[in-house]
Amino acid sequence: MKKLLFLFLTVYTFTFAITDFPSLKWKDGEFDILMSFPGIGEDLNYLQDTKILSKENPKEKINSYKFHLKNETLYKIEVIFDSSSVERDDIKKIYETLEKTMGNPVSKDPININLGSISLRGNSVTFFPDNKTTVFLKGIDTLDKNNTMINSQLILEYWDNEILNIMKE
């Protein structure tokens with residue numbers, strides 16, 4: 001009986017939990033996030049019906065976790081790496097870990113966005129760890145009008161596929 005209960009809980013956790021965030025599920029609310037990550041604060045936000053909760057310095061080499069809620073339910077998680085401490089070898093290890101845990105990427109897309117006096121350049125690598133989640137590893141450099149890099153950021157985004165598909169329509 002104990003083995004059966006353990007198997008059920010294991011399958012339940014892996015079936016519904018968000019990859020790399022096993023205590024959370026898509027559509028969880030603010031309370032669930034607060035229970036899993038004490039010490040969270042609210043971030044500034046400009047989108048209607050959207051709230052962003054942030055956990056600062058949750059782990060070494062990570063600036064923050066950002067939990068995005070739309071209509072009070074979780075739909076996106078961002079892991080913002082600390083650009084002052086993450087080095088090339090760290091990026092390689094992060095990528096290799098993603099491949100090991102999520103399989104080969106399904107796409108590698110360049111980022112090339114002009115915003116007037118600045119531009120964003122980089123790459124986005126997409127993984128599908130399960131049928132409910134899409135994961136993007138994004139390396140983005142911000143360049144000024146003289147093509148001088150003024151910022152560099154590594155971001156790992158976890159998206160609820162249901163919301164991501166709605167946004168694509």
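Some points to look at:
- Cα-Cα separations in segment 11-83 greater than 21 Å, expressed as whole percent: 24
- Averaging Cα coordinates gives a centre for segment 23-56 and one for segment 87-117; these two points are 25 Å apart.
- Spin-label pair Ile166-Tyr95: with each label point 7 Å from Cα along the Cα-Cβ axis, the two points sit 3.4 nm from one another.
- Amide H to amide H, with H built 1.01 Å from N, Ile111 comes under 5 Å of Gly122, Asn123, Ser124, counting only residues 5 or more places away or on other chains.
- Backbone N under 17 Å from the Ser84 label point (7 Å along Cα→Cβ), restricted to segment 128-169: 150-154
- Counting heavy atoms of the protein chains alone, Glu30 has an accessible area of about 70 Å² for a 1.4 Å probe.
- For Asp28, the residues 5 or more places off, or on other chains, whose built amide H falls under 5 Å of its own are Leu74.
- Per residue, segment 28-162 exposes 60 Å² of solvent-accessible protein surface, assessed with a 1.4 angstrom probe and all protein chains in place.
- Low-density loop positions, trypsin sites (Lys or Arg not before Pro), segment 60-169 - DSSP coil, at most 10 other Cβ in 10 Å: Lys145
- Gyration tensor (alpha-carbon) shape descriptor, segment 41-93, a/c threshold 1.5: prolate
- Segment 28-162: mean projected area of Cα convex hull, nm²: 9.2
- Vicinal HN-Hα couplings computed from phi for segment 109-116 (Karplus, 6.51 cos²θ - 1.76 cosθ + 1.60; Hz; Gly/Pro x): 10, x, 10, 8, 10, 9, 10, x
- Across segment 125-131, computed HN-Hα scalar couplings (Karplus, 6.51 cos²θ - 1.76 cosθ + 1.60, θ = phi - 60°) run 10, 10, 10, 10, x, 7, 6 Hz from first to last residue, x flagging Gly and Pro.
The values are calculated or read from the model by the stated rules, or taken from the named source; none is laboratory data. Predicted model, so just to flag it, every value in this text is computed and none were measured. Glycine also receives a Cβ, built like all others from the backbone with ideal geometry; neighbour counts cover every protein chain displayed. Calculation scope for accessible area: heavy atoms of the full protein, side chains included, ligands and nucleic acids excluded. Shrake-Rupley method; radii C 1.70, N 1.55, O 1.52, S 1.80 Å.
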